[in-house]
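Have a look at the structure below, then the notes.
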Amino acid sequence: MSPRRVAKALAGFGLVAVAALIAVTVWVVRHRSDARVLQTVADVVPGALLHAHNFHWTQMKAGDRQWVLTAAEASYSNDRRSLTLKDAKVEMTSTDGKSVAATAPLAVMSLDGNHVNLATLSGGTTIRYGDFVLTTDSATFKPDEDEVQAAGLVTVIGDGMKVTGMGLTGHPRARVFQLRDQVNTQFIPKSDREHAKAG
């Protein structure tokens with residue numbers, strides 16, 4: 001077989017392969033819905049302007065890190081007024097140098113531009129402040145008023161005591177918190193605390 005015939009055969013085979021590839025691509029594109037294609041390619045969630053996995057946001061001020069917000073998933077609403085986070089965690093250092101971390105399976109933030117007006121945490125909220133751990137089912141935080149509210153059972157453990165109560169009102173910047181009803185305080189002896197840390 002001459003080199004010319006081999007070249008023609010290869011060219012013919014290449015044209016058939018390209019035509020088959022184009023035909024299959026056209027068929028796939030025409031038989032998939034636009035919404036499904038967009039959701040698969042861009043991972044768009046209905047009603048969301050933006051949806052992201054492994055969300056990470058660091059807030060800086062004058063070159064210093066103010067706080068770090070992470071979440072497994074984040075959805076920014078179409079109207080740009082809310083941000084919904086799944087498995088959210090906020091970490092910061094308070095003015096007295098203590099580590100602060102808050103976690104919640106679901107957090108919804110009401111926004112005005114980039115400003116958070118209200119944060120609603122639900123699904124089991126845990127806040128760690130230094131050696132203290134506060135847990136509650138849900139909580140709301142209004143940054144402008146420096147106010148945190150929790151309606152249900154609240155448990156605070158730390159510094160040799162466990163305090164439980166129904167409902168909480170607090171002002172984080174002032175570090176003033178009040179349990180409203182059915183307050184119960186238990187003191188944990190030092191030997192029990194050391195045994196719990198070792199086990």
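The values are calculated or read from the model by the stated rules, or taken from the named source; none is laboratory data. Since this is a predicted model, take the numbers as computed values, not measurements. For neighbour counting, all protein chains shown are included, and Cβ atoms are generated from backbone atoms with ideal geometry for every residue, glycine included. Just the protein is used for accessible areas: all its heavy atoms, side chains included, with ligands, DNA and RNA removed. Shrake-Rupley method; radii C 1.70, N 1.55, O 1.52, S 1.80 Å.
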TODO: Return the residue satisfying two criteria in turn: it lies in segment 170-180 and is open to solvent by less than 70 Å² (accessible area, probe 1.4 Å) and not in a strand (DSSP E or B), and of such residues it is nearest to Thr125 (Cα to Cα).
DONE: Pro172
- [ ] Collect the residues in segment 138-152 that are open to solvent by 20 Å² or more (accessible area, probe 1.4 Å) and assigned to a strand (DSSP E or B), keeping them in residue-number order.
- [x] Thr140, Phe141, Lys142, Glu147, Gln149, Ala151, Gly152
TODO: Could you look through segment 70-93, keep only residues that are under 19 Å from Ser110 (Cβ atoms) and among the acidic types (Asp, Glu), and pick out the one that is surrounded by the most Cβ atoms within 10 Å (Cβ to Cβ)?
DONE: Glu73
- [ ] Would you please name the residue that is most open to solvent (accessible area, probe 1.4 Å), looking only at residues in segment 114-131 that are in contact (Cβ under 8 Å) with a residue 24 or more places away in the chain and not in a strand (DSSP E or B)?
- [x] Asp131
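Residue by residue, here is whether (1) in a helix (DSSP H, G or I); (2) open to solvent by 70 Å² or more (accessible area, probe 1.4 Å); (3) of a type outside the set (S, T, N, Q); (4) modelled with pLDDT of 90 or more holds:
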| site | (1), (2), (3), (4) |
| --- | --- |
| Val154 | no, no, yes, yes |
| Gly165 | no, no, yes, yes |
| Leu168 | no, no, yes, yes |
| Gln182 | no, yes, no, yes |
| Asp192 | yes, yes, yes, no |
| His195 | yes, yes, yes, no |
Open item on the list: Looking at Asp96 and the list (1) surrounded by 16 or more Cβ atoms within 10 Å (Cβ to Cβ); (2) not in a strand (DSSP E or B), which single condition is not satisfied?
Closed with: (1)
Open item on the list: Would you confirm whether or not segment 118-132 contains a residue that is at pLDDT 90 or above and touching a Gly at 6+ places or on another chain (Cβ under 9 Å)?
Closed with: no
TODO: Please go through segment 62-93 and pick out each residue that is among the aliphatic types (A, V, I, L, M) and outside any strand (DSSP E or B).
DONE: Ala62
Task: His115 being modelled with pLDDT under 85, closer than 30 Å to Asn78 by Cβ and touching an Asp or Glu at 6+ places or on another chain (Cβ under 9 Å) - done: yes
Task: Candidate set from segment 39-87 (those that are of a type in the set (Gly, Ala, Ser) and more than 21 Å from Thr103 (Cα to Cα)); member that is modelled with the lowest pLDDT - done: Ala42
- [ ] With the checklist (1) open to solvent by 50 Å² or more (accessible area, probe 1.4 Å); (2) more than 17 Å from the chain's Cα centre (by Cα); (3) at pLDDT 85 or above in hand, flag the one item Gly158 doesn't pass.
- [x] (1)
